[in-house]
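Asks: Submitted below is the structure of interest, expressed as structure tokens.
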Amino acid sequence: MRTVHVKLRERSYEIFIGSGALNAIGPWLAKQGFSKKALVVTVPSVKKLFGAKVEESLCSAGFAPRFAVVPEGEGSKSLAKAIALYGECIRFGMDRWSPVIALGGGVVGDLAGFVSATFMRGLPFIQVPTTLLAQVDSSIGGKTGVDLPHGKNLVGCFYQPKAVFSDVSVLKTLPAKEVRNGLAEIIKHGASLDAKLFSFLEHGVGKILSLDEKALEETVAWNARVKAGVVEKDEYEQKGARMLLNFGHTVGHAVEAASKFRLSHGESVAIGMVGELLLSHELAGLDKNDSTRVITLIERAGLPTMIPSTVPLNAVLAAAKLDKKARAGTIRAVLLKRIGSAFVAPVPLNDFKKAVEELAK
């Protein structure tokens with residue numbers, strides 16, 4: 001397996017990437033000296049596909065796993081579901097050395113990570129992402145949280161996993177829409193942070209969409225290195241570097257919330273990137289050719305570039321004002337100087353509104 005190191009002093013950890021990584025979970029946990037009761041948080045479809053394999057890996061290493069299954073979808077990222085999982089931990093008799101394993105996509109990882117961070121002031125947390133989106137983005141960097149009716153990820157904390165196991169063979173079970181969701185974040189990393197990655201994607205997007213295993217390993221590992229490098233500079237998003245990971249997210253999260261989460265995260269980020277390209281052209285002098293290259297790649301990935309007519313624009317603007325990056329009457333967004341070079345800038349509300357309106361034409 002490929003290994004990417006995330007260097008955060010006492011919170012450092014490794015990301016294991018490769019076909020068969022699920023089999024390595026139990027043996028790795030056994031070496032850490034954790035308590036033998038392991039809570040596996042997952043959703044029904046993922047448990048059906050991979051639960052037996054994970055259970056076998058854990059049991060063969062001497063663990064007694066218990067599965068806590070939450071409903072599919074963004075609705076499970078709630079305080080109510082977190083409280084229900086606290087109850088599971090209590091009934092299972094877990095102690096502060098009992099690991100919590102997130103087996104699933106970003107929703108499971110965010111929810112299980114939040115519970116791990118807050119129950120007994122912190123349990124060992126293991127990420128086992130089973131979607132492309134989670135493998136390249138949400139499983140790395142320690143962001144955990146739940147949603148409120150007002151918006152996404154408004155309650156949460158930074159809490160690093162002890163390890164991440166990204167098994168690319170599981171991605172072959174994904175529907176095409178989920179692969180495209182992951183591609184949105186991959187394009188985001190290349191467009192904002194790594195021009196060489198972006199060029200790699202322009203040439204290799206077809207292989208990724210066809211789930212070529214070698215292309216997937218290279219893509220997941222490359223993205224893990226990009227994100228790890230940023231997280232190492234700015235673990236708690238206080239120095240500005242980590243905010244560069246949010247290209248497409250200021251507009252995208254607002255669109256996602258305004259759609260009442262009917263649009264997926266990847267679809268929303270794709271639309272958000274186009275919106276922030278418009279802002280980059282107007283406010284940062286982004287060359288039209290670079291903007292066209294990014295939009296073309298988004299379209300080749302099968303992702304949307306416009307806000308659907310079913311999403312009310314006033315709701316998009318209202319959600320944007322609640323964004324955690326908003327400050328003093330402006331909305332902060334990630335803008336591009338050129339492909340691979342991004343910066344954070346305050347965007348006047350009027351300019352933001354114009355970009356959103358352009359996305360809806």
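Since every read-out is calculated from the coordinates, none of them should be taken as a lab result. These numbers were taken from a predicted model, which means no experiment stands behind them. Please note: Cβ atoms are built from the backbone with ideal geometry, for glycine as well, and neighbour counts cover all protein chains shown.
Asks: Tell me what the chain gives for mean residue ellipticity at 222 nm when only DSSP H runs of n ≥ 4 count, each as -39,500 (n - 2.57), the sum divided by the residue total, rounded to 500 deg cm²/dmol.
Replies: For the chain, the value works out to -14000 deg cm²/dmol.
Asks: While we're here: Under a straight-distance cross-link criterion of Cα-Cα below 27 Å, which lysines are reachable from Lys47, leaving out those fewer than 8 residues away in the same chain?
Replies: Lys31, Lys36, Lys37, Lys77, Lys81, Lys143, Lys152, Lys162, Lys172, Lys177, Lys214, Lys260
Asks: Return the percentage of antiparallel bridges among DSSP beta bridges fully within the chain, rounded to the nearest 5 %.
Replies: Once the DSSP bridges in the chain are tallied, antiparallel ones form about 50 percent.
Asks: Continuing with the same structure: So what's the gap between the Cα centers of the stretch 294-314 and the stretch 1-25, to the nearest angstrom?
Replies: Value for the Cα centre distance between the two parts: 34 Å.
Asks: Taking R0 as 25 Å, what FRET efficiency do you get between Phe67 and Thr296 from their Cβ-Cβ distance, rounded to the nearest 0.05?
Replies: The formula returns an efficiency of 0.05 here.
Asks: Same structure, new question: Using the basic label-point model (7 angstrom from Cα toward the beta carbon), what is the Lys196 to Ala345 distance in nanometres?
Replies: Those two pseudo-labels are separated by 2.8 nm.
Asks: In addition: Determine the dipole magnitude for the chain: charges of +1 sit on the beta-carbon of Lys and Arg, -1 on that of Asp and Glu, nothing else is charged, the reference point is the Cα centre, and the result goes in debye to the nearest 20.
Replies: 620
Asks: Take the alpha-carbon centre of the stretch 58-119, take the same for the stretch 167-224, and report the distance between them in whole Å.
Replies: 28
Asks: Points 7 angstrom from Cα along the Cβ direction at Arg91 and Leu79: gap in nanometres?
Replies: With each label point 7 Å from Cα toward Cβ, the separation is 2.3 nm.
Asks: Label the stretch 176-359 by shape, choosing from rounded, prolate and oblate, from the square roots a ≥ b ≥ c of the eigenvalues of the Cα gyration tensor; if a/c is under 1.5 it is rounded, and otherwise prolate applies when a/b is larger than b/c, oblate when it is not.
Replies: It is prolate, given that a/c is not under 1.5 and a/b is the larger ratio.
Asks: Something else: Set Lys and Arg Cβ to +1 and Asp and Glu Cβ to -1, take the dipole of the chain about its Cα centre, and tell me which of Ile187, Ala68, Leu22 lies farthest positive.
Replies: So the residue we want is Ala68.
Asks: While we're on this one: Quick one: Karplus J couplings for the stretch 136-143, per residue in order, coefficients 6.51, -1.76, 1.60, θ = phi - 60°, nearest Hz, x for Gly and Pro?
Replies: For the stretch 136-143, the Karplus-derived couplings read 8, 9, 5, 7, 10, x, x, 7 Hz, x marking Gly and Pro.
Asks: Same structure again: Quick one: order His281, His150, His265 by neighbouring beta-carbon count within 10 Å, fewest to most.
Replies: Listing His281, His150, His265 from fewest to most nearby Cβ atoms yields His150, His281, His265.
Asks: Let me ask you something else. Give the percent of DSSP beta bridges with both residues in the stretch 2-173 that are antiparallel, rounded to the nearest 5.
Replies: 35
Asks: Just how large is the dipole of the stretch 200-252 about the Cα centre, in debye to the nearest 20, putting +1 at every Lys and Arg Cβ and -1 at every Asp and Glu Cβ?
Replies: 140
Asks: I've got another one for you. Rounded if a/c is under 1.5, else prolate if a/b beats b/c, else oblate: with a ≥ b ≥ c from the C-alpha gyration tensor eigenvalues square-rooted, which is the stretch 2-173?
Replies: Rounded, because the longest to shortest axis ratio a/c is under 1.5.
Asks: Considering only the other residues whose Cβ falls under 11 Å of the Cβ of Thr310, what net charge follows from Lys and Arg at +1 and Asp and Glu at -1?
Replies: +2
Asks: Now for a separate question. Looking only at the stretch 338-361, which residues have a backbone nitrogen under 18 Å from a spot 7 Å from the Cα of Ser309 in the C-beta direction?
Replies: Within reach of a label on Ser309, which here means backbone N under 18 Å from a point 7 Å along Cα→Cβ, the stretch 338-361 contributes 357-361.
Asks: Within 10 Å of each residue's Cβ, count the other Cβ atoms and sort Ser116, Ser268, Ser169, Ser98 from fewest upward.
Replies: In increasing order of surrounding Cβ atoms, one gets Ser169, Ser98, Ser116, Ser268.
Asks: When a/c is below 1.5 the answer is rounded, else prolate if a/b is larger than b/c, else oblate, so apply that to the stretch 123-180 with a ≥ b ≥ c taken from the square roots of the Cα gyration tensor eigenvalues.
Replies: Oblate.
Asks: Further, regarding this structure: Using a Förster radius of 22 Å, what is the FRET efficiency between Asp234 and Glu10 based on their Cβ-Cβ separation? Nearest 0.05, please.
Replies: The calculated FRET efficiency here is 0.80.
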